[in-house]
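A.B. asks: One structure, as C-alpha cells, below. Some questions next.
Nothing in this text is a laboratory measurement; each read-out follows from the coordinates by a stated rule. The structure presented is a predicted model; accordingly, all values stated were derived computationally and were not measured. Note that each Cβ is placed from the backbone with ideal geometry, even for glycine, and that neighbours are counted across all protein chains shown.
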C-alpha cells in the first residue's frame, strides 16, 4: 500500500554531485559511534529539498546523515549545526526526536558540514488525505500531530539549554525581513505579489508577542509515525527551528487546510468530515485547549496565514534559485520552486481580504416612500 508519493519515499543511488569520501566518513564515525567498525554502504533519500540526506548502513545498524549542499548558499540557510543542536537538546523533553551521534563542521571530511543521527524505522505520509488509512486512523494521526506541536511549544528553552537559540521578541518583523532578504538573494524571476507583500506585511503585524521553541517546518512529511500505530516516533528537519512566536509555527503547519490539492499537497477541496480529518477550526481549537490559550482572533489568524504563505513562497523561490545554480537536492525541486508565485498570490488575497474587512461599510439609507 502507498499514498501515491513513491517518488519522494525511500532511497536511490547517490547523485554524482552529492557523493563523498566514504573512507573519510568511516574514520570520523569510528571515533564517535560506539561499536562501529566500518564497512559502510550509502544511499540517498529521495525526499528533501534543502539539505541532502543519506541512509548509512553497516551490518544490521543504520544511521542518517544530513549535510549542507555543496556550492554557493543563501545566507543563514542549510543550518545543519542548528538542527543538530536542537535535536540533541530535545532528547529528554517529551518531543520525539532521533538520537544524535555527532556534528562535523570540518569540511575536509566529506566536503561540507554534516551531522549523524539514528535511523528511525516507521511510516512517512506525504498525502494529507492519508488515502491508505481508515477513518479512525486518520483522526488519530491528526490528533497526534496536534499533540506533538503543542508539546513542542510547551518546552521550556531554559530547561534544555536553548535560551540563546534565537532572539526573543519582534519575531514577525524579524522573520519578514529575513525572508525578504532570502527572496531577493535568489537567482529567480521576481514575483509581483511578493513585492506587494514585502511592503504590506510589516505594516500589519498583530499586537502582542510570545516566545516559544518553534520547529519552523512542522508538516506531515517531516514526521515519522510508528509502523503500526498512528503515533509519532520522530520529528525531522529542524533546519528552521528557533525561538519564535508559537502561532507563526502553528499557522505554517495549518496551511494544508488553505491550499488546494494541486498546490503543495493541500486539503482545500477534500471532504474532511467523510475522511475523519478535523476542520481547520476544530484543529486550531484543539491546539488552543492543549496549550491553554483562548480563541485566536480571526483577523490575526488571517494575517498569520498570509505571513506563512509568504514565507513558504520565499523558501520555494530559494529552491528555484538553487535549481538555476545546479545545487538543488531533489528531482522535484523545479516543480516545488514553480509553486512560489501561486502561494504568493494566495497570501496577497488574504492581505486584501483583511483590508476589505477594515473598510467601513456605508450606512444604510431608507428609500423614499
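A.B. asks: How far apart, in nm, are two points set 7 Å out from the Cα along the Cα-to-Cβ line at residue 57 and at residue 231?
C.D. replies: A separation of 2.6 nm, rounded to one decimal place.
A.B. asks: Give the distance, in whole Å, between the Cα centre of the stretch 288-311 and the Cα centre of the stretch 146-181.
C.D. replies: 15 Å
A.B. asks: So what's the Cα pair-distance distribution over the stretch 173-284, bin width 5 Å, in %?
C.D. replies: 2, 9, 13, 18, 22, 18, 9, 6, 2, 0
A.B. asks: For an R0 of 30 angstrom, estimate the FRET efficiency from the Cβ-Cβ distance between residue 32 and residue 134 and round to the nearest 0.05.
C.D. replies: After rounding to 0.05, the efficiency reads 0.10.
A.B. asks: Now, a different point. Mind checking the angle between helix 80-89 and the chain's longest principal axis? C-alpha axes, 0 to 90 degrees, to the nearest 10.
C.D. replies: 90 degrees
A.B. asks: I need the peptides 121-132, 213-224 ranked by packing, meaning the mean over residues of other C-beta atoms within 10 angstrom, with the highest value on top.
C.D. replies: Details: 121-132: 17.7, 213-224: 21.5.
Packing order, densest peptide first, comes out as 213-224, 121-132.
A.B. asks: I would also like to ask the following. Per 0.36 nm of contour for each residue apart, how much would the distance between residue 167 and residue 107 grow if the chain were fully extended, relative to their Cα-Cα spacing? Can you show the working numbers first?
C.D. replies: Values: separation 60, 0.36 × 60 = 21.60 nm, distance 2.81 nm.
18.8 nm is the gain from fully extending residue 167 to residue 107.
A.B. asks: In whole Å, largest first, what are the principal axis extents of the Cα atoms in the chain?
C.D. replies: 95, 45, 41
A.B. asks: Return the FRET efficiency for the residue pair residue 281, residue 127: r is the Cβ-Cβ distance, R0 is 30 Å, and the value is rounded to the nearest 0.05.
C.D. replies: Efficiency, from the Cβ-Cβ distance: 0.85.
A.B. asks: Rounding to the nearest 10 and keeping the result within 0 to 90°, find how far the Cα-based axis of helix 171-185 lies from the longest principal axis of the chain.
C.D. replies: In the chain, helix 171-185 runs at an angle near 70 degrees to the longest axis.
A.B. asks: In addition: Using mean Cβ contacts within 10 Å as the protection proxy, how do 107-120, 191-204, 230-243 order, highest first?
C.D. replies: Numbers: 107-120: 18.6, 191-204: 17.0, 230-243: 21.0.
Highest to lowest by the protection proxy: 230-243, 107-120, 191-204.
A.B. asks: Take every Cα pair under 8 Å in the chain that's 6+ residues apart, average their separations, divide by the length, and report that relative contact order as a whole percent.
C.D. replies: Dividing the mean separation by the residue count of the chain yields 18 percent.
A.B. asks: What is the log10 of I(q)/I(0) for the stretch 11-118, computed with the Debye formula using one identical point scatterer on each Cα and no solvent, at q = 0.11, 0.12, 0.17, 0.24 Å⁻¹?
C.D. replies: -0.33, -0.40, -0.82, -1.58
A.B. asks: Return one number: the angle in degrees, 0 to 90 and rounded to the nearest 10, between the long axis of the Cα atoms of helix 340-358 and the longest principal axis of the Cα atoms of the chain.
C.D. replies: Between helix and principal axis, roughly 30 degrees.
A.B. asks: Calculate the spin-label point distance for residue 353 paired with residue 290, positioning each point 7 Å from the Cα along the beta-carbon direction, and give it in nanometres.
C.D. replies: 2.4 nm
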